[in-house]
């Protein structure tokens, strides 16, 4: 098995998905201080990590529907 070299930021996002099953940009910002989750996901995929994703509907503080991307390993 080949070991993949990850940056600290990439490792934190990877570990978060392992521990919690998935991650959204709000979780990445709040829990990890990562304001560029899509860039981190792009880099992880480029390094060979298999990541799935889908768009989920959430409500903002005004009750309006918004759409965010949710990522998971696999």
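Conditions (1) touching a strand residue (DSSP E or B) at 6+ places or on another chain (Cβ under 7 Å); (2) at pLDDT below 95, marked per residue:
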{"residue": "11", "(1), (2)": "no, no"}
{"residue": "21", "(1), (2)": "yes, no"}
{"residue": "25", "(1), (2)": "yes, yes"}
{"residue": "31", "(1), (2)": "no, no"}
{"residue": "39", "(1), (2)": "no, no"}
{"residue": "51", "(1), (2)": "yes, no"}
{"residue": "63", "(1), (2)": "no, no"}
{"residue": "68", "(1), (2)": "yes, yes"}
{"residue": "74", "(1), (2)": "yes, yes"}
TODO: Identify all residues within the range 1-25 that are out of contact with any helix residue (DSSP H, G or I) (no Cβ under 7 Å at 6 or more places or on another chain) and in a helix (DSSP H, G or I); write none if there are none.
DONE: 8, 11, 15, 17, 18, 19, 20
Task: Residues located in the range 26-52, provided they are outside any loop (DSSP other than H, G, I, E, B) and surrounded by 15 or more Cβ atoms within 10 Å (Cβ to Cβ) - done: 27, 28, 32, 37, 40, 41, 43, 44, 51
TODO: Of the numbered conditions (1) closer than 20 Å to residue 74 by Cβ; (2) surrounded by 16 or more Cβ atoms within 10 Å (Cβ to Cβ); (3) touching a residue at least 12 places away in the same chain (Cβ under 8 Å), residue 4 fails exactly one; give the number of that condition.
DONE: (2)
- [ ] Within the range 17-48, work out how many residues are in contact (Cβ under 8 Å) with a residue 12 or more places away in the chain and under 12 Å from the mean Cα position of the chain (by Cα).
- [x] 18
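The values are calculated or read from the model by the stated rules, or taken from the named source; none is laboratory data. Since the model is a prediction, treat every value here as computed from it, not as a measurement. Positions of Cβ are backbone-derived with ideal geometry, glycine not excepted, and every protein chain shown enters the neighbour counts.
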